[in-house]
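Student: Pasting a structure here, questions to come.
The values are calculated or read from the model by the stated rules, or taken from the named source; none is laboratory data. The model shown is predicted, which means the values in this text are computed figures rather than measured ones. All Cβ positions, glycine included, derive from the backbone under ideal geometry; neighbour counts span all protein chains shown.
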Amino acid sequence: MQERDRILELVKKGILSTEEALVLLENIATEKDEKLVNKEASEVKKNVAFEQEEVTESEKQEHESGKLEDEDILGTEDFFEKLQENERQDQERLEKILAEITEGINEVSANLDEISVEIDGLDKDISEKNEAITVLNTMEDLDGLTEAKAAERTQLESEVVYLKETREQLQEEREELKSQLKEFKKEQKETVKDEWKSKFEIPDDWKEQANETFTQVGEKVGEAGTQFGSFIKKTIEAVTSSVNDNVDWKDINIKVPGVASQSFTHEFVYPDNQATLIDVKVANGKVAFKTWDQSDVKVTADIKFYGKINSDSLFEAFLERADIDVDEEKISFQIPNKRMKVDLVFYLPKRNYDHMSVKMLNGDIKLTDLNLGDIFLKTTNGEMTVDGVTASMLETEGVNGEIEVKNSEIIDFLGETVNGNVRLKANIKSTKVSLINGEIRVTAPQGSTPKKIDASAVNGTIKLAIPKETGIEGACKTNFGSIKNRFSDVEMIREKKDKTNQCEEFRRVREDNLVYVNLSTTTGSILLKDTDN
């Protein structure tokens, strides 16, 4: 292998730089010239007699070989010079193109960020207004929506529509900017790719050599990348090992993202309060009433917020979302916000109260040991329990949940629900119950004096127990069930036993008391018996 070829091979392998190779090739050229001069001088001395003769064929061939080597060396120098010049020009052109593309990317990105901030602000405004609308809707469900609040809701709904339209326009602009940004990045990638493809214009006689050189360069880059990746991997493993060795993971608490919640408790105390009207409306939670031996009215509240609260004080945030008004005439707690769960326990002085109204969307209602005039209880999803209460009127209205009245003295009771059982075991003068799905169980305790019992169900059984000392005028009817009458001393007035229609009319005569009974169900049975059995 000639020295020139060896030098080029070392350049390809990366052992020699371009500058070092050029120096070696110049030295070789100088040595070639000196050898050629010395050789010709020696030949002149040996062949003085033949100065006028032509140069022999062998000398011509040697001279031509030297010239070819010199031309190769000069060609190699030209190649490297051209290579460096092309690199410089291509780099300048590439930097200019990429600078223009980068400027376009930055401009589009800035506009995209600005629109994204505007959309986030609109989303926040829409969320706040929707929450306010939800509160007003809840007030309507709780029968507390005034005309002013209804007008406010209409205005909020109009604003939400406008904000949503604006958001849609901004969203379209954002999508268009995203498309432009994608095109810029695609152009940037293709520019770099094309620039590398056309980076050098190599002469035909050097293409093969240059390809081999780039192949070796690629191999070296790949090898360097592998070594770098191995270095990164070892570094990460070392850091991980160090962390594991120095951190006690038992002391680390990791919070999984979810619905944020904050809670607190508060006690409201109203000294020597003489109010006799009670009005409570709560969206979510529990409400309980009981009496105590103090003259003060006390309300304990267990409050939980769902979602982020932008307030330094949870109590202030609660007051902003609630309407509490307590004076010498009434006790009013209005908490219609669905993003709060509020459990209230009212401690009332022992005295007579004229009226109580409790309305809820989700939650249980419980009354214990109270003396009231009229009571109205309503909950969409929850149980209603009345225990040890004396009242002239009790009305309950539910959708999903049980209704229970026990150990109480009630003149008139009205109970209505869709899904749930109704259980009455109290001295109730007049009872009227209706439900869709569930069981009705009415028990008149010993010593009670019921006057009227009216119960109806669509899908459910009706059970009735009356003291045998009480006279009865009764009528029962079921379409797809049966009637089992275990009343003692009854006289059957009329009876029908069809498969799709069973009915009975009966009478029990007593001197002291008489109750009128009317029971009906569609797909359930009717069971009758004496209380003491």
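Student: Being surrounded by fewer than 16 Cβ atoms within 10 Å (Cβ to Cβ) and of a type in the set (Asp, Glu): is that true of Asp279 here?
Tutor: Considered against the rule, which asks whether it is surrounded by fewer than 16 Cβ atoms within 10 Å (Cβ to Cβ) and of a type in the set (Asp, Glu), Asp279 comes out as no.
Student: Which one is surrounded by the fewest Cβ atoms within 10 Å (Cβ to Cβ), of the residues in region 360-374 that are touching a residue at least 60 places away in the same chain (Cβ under 8 Å) and part of a strand (DSSP E or B)?
Tutor: Thr368
Student: Could you check, for region 309-323, whether at least one of its residues is within 24 Å of Asp369 (Cβ to Cβ) and surrounded by 17 or more Cβ atoms within 10 Å (Cβ to Cβ)?
Tutor: Looking for residues that are within 24 Å of Asp369 (Cβ to Cβ) and surrounded by 17 or more Cβ atoms within 10 Å (Cβ to Cβ), one finds none in region 309-323, hence no.
Student: Which residue out of Leu145, Leu156, Leu170, Leu136 is not assigned by TED's automatic domain parsing to the domain that holds Ser357 and not in a helix (DSSP H, G or I)?
Tutor: Going through Leu145, Leu156, Leu170, Leu136 in turn, just one is not assigned by TED's automatic domain parsing to the domain that holds Ser357 and not in a helix (DSSP H, G or I): Leu145.
Student: Looking only at residues in region 375-394 that are assigned to a loop (DSSP other than H, G, I, E, B) and within 34 Å of the chain's Cα centre (by Cα), which one is surrounded by the most Cβ atoms within 10 Å (Cβ to Cβ)?
Tutor: Here the answer is Gly382.
Student: Taking the options Lys189, Lys149, Lys129, name whichever one is over 21 Å from Ala322 (Cα atoms) and without any contact (Cβ under 8 Å) to a residue 40 or more places away in the chain.
Tutor: Lys189
Student: (1) outside any strand (DSSP E or B); (2) in contact (Cβ under 8 Å) with a residue 12 or more places away in the chain; (3) within 21 Å of Glu131 (Cβ to Cβ); (4) of a type in the set (D, E, K, R): which one isn't true of Lys341, the others all being true?
Tutor: (1)
Student: If I ask for residues that are free of Cβ contacts under 8 Å to residues at least 12 places away in the same chain and assigned to a helix (DSSP H, G or I), which ones from region 319-338 would you list?
Tutor: Within region 319-338, Leu319, Glu320 meet the criteria.
Student: I'd like the residue in region 297-322 that is touching a Gly at 6+ places or on another chain (Cβ under 9 Å) and among the charged types (D, E, K, R) and, out of all such residues, is farthest from Ile278 (Cα to Cα).
Tutor: Lys304
Student: Take the residues in region 465-514 that are surrounded by 19 or more Cβ atoms within 10 Å (Cβ to Cβ) and touching a Cys at 6+ places or on another chain (Cβ under 9 Å); name whichever of them is nearest to Leu424 (Cα to Cα).
Tutor: For region 465-514, the residue satisfying everything is Cys476.
Student: While we're here: Any residue at all in region 488-495 that is out of contact with any strand residue (DSSP E or B) (no Cβ under 8 Å at 6 or more places or on another chain) and either outside any strand (DSSP E or B) or of a type outside the set (Asp, Glu) (or both)?
Tutor: The answer is no; no qualifying residue exists.
Student: Specify the residue that is farthest from Arg174 (Cα to Cα); the eligible residues are those in region 89-111 that are in contact with a helix residue (DSSP H, G or I) (Cβ under 6 Å, 6 or more places away or on another chain) and at pLDDT below 75.
Tutor: Leu94
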